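The values are calculated or read from the model by the stated rules, or taken from the named source; none is laboratory data. On a predicted model such as this, the values are computed, not experimentally measured, just so you know. Cβ placement follows ideal geometry from the backbone for every residue including glycine, while neighbour counts extend to all protein chains displayed. Just so you know, the surface numbers come from the protein's heavy atoms only, side chains and all, with ligands and any DNA or RNA stripped out. Shrake-Rupley method; radii C 1.70, N 1.55, O 1.52, S 1.80 Å.
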Amino acid sequence: MTVTPEPAPPLLSARQPRSGAAAPPSWLRSESAPHPVAFPVREPLRALFDPRSVAVVGASDNPQKWGYWLARGALAGQHRRQVYLVNRRGATVLGSRTWPSLAELPQEPELVVVATPPGSVRGEVEQGLTAGARCFVVITAGVGEPASPRDELDLAELVRAHGARLLGPNCMGVVDDATALQLCWGAVPAGQVGLISQSGNLALEIGRLLGRAGQGLSRLVSLGNQRDIDAAEMLQSLVEHERTRVIAAYVEDFRDGRRLARALACARAAGKPVLLLAPGRSAASGRAAQSHTGALVSSLEVVDAAVAEAGALRLDTAGALVDAAVTLLAPGMRGGGRVAVVADGGGQGALAADALAAAGMSVPPLRELTMSRLRGLLPAAAGVTNPVDLAGAGESDIGSYAAVVNALLTAQDTDAVVLSGYFGDYATGSPQLADAEAAVADALAAASADAARPVVVHSMATTETPALRVLRRRGIPVFDRIEHAASAIARAARWTALAPVERPKFAVAPPAGDGGYERTRELLAGYGLSFPAARFVADADHAAAAAAGIGYPVVLKAMGLAHKTEAQGVALNLRDEAALRAAFAAMRPRTRSAAFAVEAMVRRPGSVELIMGVRQDASFGPVAIVGIGGITAELLADTAVGLAPLTRDRAHQMLGSLRQAPLLTGWRGAEPIDLAAAADALVAIARAGAEHPEYSELEVNPVLAHPGGAIALDAHGVLSAPPAAEAGTDRR
């Protein structure tokens, strides 16, 4: 059934024409590309990040206007590039000369930043193209008068037609620390985190939080409405950006989700963690579809699956993102779940251990050799198990912090050390200890670097002390709440354990379905899914003849119903002709169905009912779902999600991730089901759904998984709606 895919299309092709056949979904156009795949950063993007010249249109002396901050930032980089300030009144701005229009500049501007009213944006861009501009950053929240998505799309087409690129509209600008490019509102701290964001204010918040944690941004790209340059391309630019060690992203509109997932996988292959924020946790934003599978999965769950399969992390808040970023940048952060806790007292040590356990980390007992070494460093009252209780050793000798932490870092018991308690706060109450405490902080950082293992500090200090400044400057994460420290370590360890999932290639096959049970069953059987023997009939006499041929007991099903059980369209275990005819006579007027299926009744000892299906996601394409099935599928909502098609290994992972997975592997002495057969069934359904997008949803519920195999007892398909009219739609 596999069709060799065509070569991948260009990375950024022009928008489809308004007339003619509807464009295929973006995920389908890009899926044939290898995974991971490099997205070469084209020449015009050099003009975005390191232009030889920049023009600010709408430059102003008024600090309340965007033009002021853009002009100020541009002028800060004039030692590296030519800067032109465009102000139609011709007045000086920030003491610098201005030009009344782009047409009057003495040389071509490679990068043009536009901060003018929406009605003038297109005209400014046209002037810039005529002047030879290679890239545009449109700050203005819209194009046209009144502003419209159609005008934005037309502007993007115009820019691309001239071989140039467009960032925005409705963006906050771009910053690149390596090239002294500062084109945004305010200022952001410099550091090693690259950030792309669809929200300008959120980008500023993340920058400020990083600054407080002793880190900052290597590059910032505010995406705005993504009419041309989008999240996937900017992710790839950060993969190739030397100063960026961790990538952060806030994305609301995933557009071509599979292309974005490949960019995430490229980052993983390059060893750069990607931390993604995406809204939608508070409500299931996917529609409640006609099938169970559609109602069981939210859009955010699809995002989670795609991100995890690509080897990245999705987080829920800006604070969590910053905590994880800072921890991933710590010296020696290489993963592993074993953590040693060092605390000033038993209470803080116990709570730290609980917080780490709650986050999924381990606080294991120390080996006798390690405990013996600690006894030589600490007073007799100290606790040398894990957690380690200093029992006042820090007050008598502040250097004991560094000695104990070094002993744990150089032992083989743990993968990381958490120091929790008073350290960092000595200088607050005892200023005479500031220098000594700072020296110990420096020793802690040196020990971490030498051992290539991370140290994370939870400090009681409520103000910034010299010791905390030393720790942050040396890359040691510092937290004021132990639960934040524990979560950050856990997320860093989780990232190191993630591995991109292999995804089989596929291509769309000719349509082969009408949405009915008979045709859907035939389609799935062609992919290797097993079904009971069945006959399709229209009246009681033919039903009786079918049952005689199949053999009793049988099942009678009414066709054309999405949820047969709720509509009383299923009669089970009919043991003779009289029972079959009675069921038929009651079912026909109740369901008003014109067609029925007579199937062999299947019972298997030790079986578990599973639900398996595929639905077409607008951004990510075919998405496979598996869960505990039967009539309780929606009640239990125990599901796993993956992008289809699936390898057998990925199908096994999904089955094993279910909360009720122990039911599959022999709960309380029961015989385990045939997991290989269940995985094969899921692989078959996932490939069928991927290769037949004429089905917006395919559902098999239940798949009866048992010790001897797996058999599908029902199937349901929902055909995709006809494509909407092209005019006035946004297909990017």
- Could you list all residues from segment 191-210 that are under 23 Å from F254 (Cβ atoms) and not in a helix (DSSP H, G or I)? V193, G194, L195, I196, S197, Q198, S199
- Item | Selection within segment 501-522 - surrounded by 20 or more Cβ atoms within 10 Å (Cβ to Cβ) and either among the basic types (K, R) or at pLDDT 95 or above (or both) | R503, R521
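Just one of G200, G224 is surrounded by fewer than 24 Cβ atoms within 10 Å (Cβ to Cβ), at pLDDT below 95, out of contact with any His (no Cβ under 6 Å at 6 or more places or on another chain) and over 18 Å from G475 (Cβ atoms); which is it? Don't jump to the end; show me each part of the working.
Values: G224 fails: surrounded by fewer than 24 Cβ atoms within 10 Å (Cβ to Cβ).
Result: G200 is the single residue among G200, G224 that is surrounded by fewer than 24 Cβ atoms within 10 Å (Cβ to Cβ), at pLDDT below 95, out of contact with any His (no Cβ under 6 Å at 6 or more places or on another chain) and over 18 Å from G475 (Cβ atoms).
Kindly indicate which of R134, R122 is within 16 Å of D50 (Cα to Cα), crowded, with 18+ Cβ neighbours inside 10 Å and among the charged types (D, E, K, R).
Values: R122 fails: within 16 Å of D50 (Cα to Cα).
Matching residue, one of R134, R122: R134.
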- Item | Pairs, first touching a residue at least 40 places away in the same chain (Cβ under 8 Å) and among the charged types (D, E, K, R) in segment 123-150, second assigned to a loop (DSSP other than H, G, I, E, B) and exposed (fewer than 15 other Cβ atoms within 10 Å of the Cβ), C-beta under 9 Å, six or more apart | R134/G163; R150/G728; R150/D730
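One line per residue, one yes/no per condition, for (1) within 18 Å of L444 (Cα to Cα); (2) free of Cβ contacts under 8 Å to residues at least 60 places away in the same chain; (3) touching a helix residue (DSSP H, G or I) at 6+ places or on another chain (Cβ under 9 Å):
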{"position": "G319", "(1), (2), (3)": "no, no, yes"}
{"position": "P331", "(1), (2), (3)": "yes, no, yes"}
{"position": "V341", "(1), (2), (3)": "yes, no, yes"}
{"position": "G349", "(1), (2), (3)": "no, no, no"}
{"position": "R367", "(1), (2), (3)": "no, yes, no"}
- For segment 355-410, enumerate the residues that are over 25 Å from E483 (Cα atoms) and in contact with a Gly (Cβ under 8 Å, 6 or more places away or on another chain). P379, A381
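Between V405, V307, which is within 23 Å of A446 (Cβ to Cβ), in contact with a strand residue (DSSP E or B) (Cβ under 8 Å, 6 or more places away or on another chain) and either open to solvent by less than 30 Å² (accessible area, probe 1.4 Å) or not hydroxyl-bearing (S, T, Y) (or both)? Before the answer, list the steps.
Values: V307 fails: within 23 Å of A446 (Cβ to Cβ).
Just one listed residue meets the conditions, V405.
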- Message: Within segment 318-330, does at least one residue satisfy the condition of being on the phi > 0 side of the Ramachandran plot and of a type in the set (G, A, S)?
- Response: no
- Item | Number of the exception - S619 against (1) at pLDDT 95 or above; (2) within 22 Å of P504 (Cβ to Cβ); (3) not acidic (D, E) | (1)
- Task: Please go through segment 338-375 and pick out each residue that is in contact with a strand residue (DSSP E or B) (Cβ under 7 Å, 6 or more places away or on another chain) and among the charged types (D, E, K, R).
- Result: R338, D344
- Message: Kindly evaluate D730 against the criterion of being closer than 30 Å to P149 by Cα and either modelled with pLDDT under 95 or surrounded by 15 or more Cβ atoms within 10 Å (Cβ to Cβ) (or both).
- Response: yes
- Query: Any idea how many residues of segment 448-462 are small (G, A, S) and part of a loop (DSSP other than H, G, I, E, B)?
  - Reply: 2
- Item | Enumeration of residues in segment 230-277 that are touching a strand residue (DSSP E or B) at 6+ places or on another chain (Cβ under 7 Å), farther than 22 Å from A488 by Cβ, surrounded by fewer than 23 Cβ atoms within 10 Å (Cβ to Cβ) and without any contact (Cβ under 8 Å) to a residue 60 or more places away in the chain | none
- Task: State the number of residues belonging to segment 185-213 that are in contact (Cβ under 8 Å) with a residue 40 or more places away in the chain and of a type in the set (K, R).
- Result: 0
- Query: Within segment 448-473, which residues are closer than 26 Å to Q412 by Cα, loosely packed, with under 15 Cβ neighbours inside 10 Å and touching a Gly at 6+ places or on another chain (Cβ under 8 Å)?
  - Reply: A452
- Residue list for segment 98-133, restricted to those being in contact with a strand residue (DSSP E or B) (Cβ under 7 Å, 6 or more places away or on another chain) and either more than 19 Å from L181 (Cα to Cα) or part of a helix (DSSP H, G or I) (or both): T98, W99, S101, L102, L105, Q107, T116, V121, E124, V125, G128
- Of everything in segment 165-190 that's open to solvent by 20 Å² or more (accessible area, probe 1.4 Å) and outside any loop (DSSP other than H, G, I, E, B), which residue is nearest to V112 (Cα to Cα)? Q182
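For segment 536-629, please list each of the strands (runs of 3 or more DSSP E) lying entirely inside it that holds at least 1 residues being closer than 30 Å to P707 by Cα, open to solvent by less than 40 Å² (accessible area, probe 1.4 Å) and out of contact with any Leu (no Cβ under 6 Å at 6 or more places or on another chain). First the steps, then the outcome.
On the way: elements: 554-558, 570-574, 596-600, 608-617, 621-628.
Qualifying strands (runs of 3 or more DSSP E): 554-558, 596-600, 608-617, 621-628.
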- Hey, D649 hits all of (1) under 30 Å from V501 (Cα atoms); (2) modelled with pLDDT of 95 or more; (3) charged (D, E, K, R); (4) surrounded by 21 or more Cβ atoms within 10 Å (Cβ to Cβ) but one; which does it fall short on? (4)
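Any chance segment 423-443 includes a residue that's of a type in the set (F, W, Y), open to solvent by 40 Å² or more (accessible area, probe 1.4 Å) and either free of Cβ contacts under 8 Å to residues at least 40 places away in the same chain or outside any helix (DSSP H, G or I) (or both)? Quick ask: steps written out before the conclusion?
Start the filter on segment 423-443 by keeping residues that are of a type in the set (F, W, Y), which leaves 423, 426.
So of that shortlist, the ones also open to solvent by 40 Å² or more (accessible area, probe 1.4 Å) come out as none.
No, that holds for no residue.
Which members of segment 463-477 meet the condition of being part of a loop (DSSP other than H, G, I, E, B), of a type outside the set (D, E) and over 21 Å from G345 (Cβ atoms)? Write out each step before concluding.
Initial filter on segment 463-477 (part of a loop (DSSP other than H, G, I, E, B)): 463-465, 474-477.
Then drop every residue that is not of a type outside the set (D, E), which leaves 463, 465, 474-477.
Those that are part of a loop (DSSP other than H, G, I, E, B), of a type outside the set (D, E) and over 21 Å from G345 (Cβ atoms): T463, R474, G475, I476, P477.
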- Residue among L264, L276 that is modelled with pLDDT of 95 or more and within 19 Å of A203 (Cα to Cα): L276
- Message: If I ask for residues that are crowded, with 17+ Cβ neighbours inside 10 Å, at pLDDT 95 or above and in a loop (DSSP other than H, G, I, E, B), which ones from segment 20-59 would you list?
- Response: D50, P51, G58, A59
- Filter segment 385-402 down to residues that are surrounded by fewer than 18 Cβ atoms within 10 Å (Cβ to Cβ) and within 11 Å of A340 (Cβ to Cβ), then give me how many there are. 1
- Query: From the list A486, A525, A467, which one is of a type outside the set (D, E, K, R) and in contact (Cβ under 8 Å) with a residue 60 or more places away in the chain?
  - Reply: A486
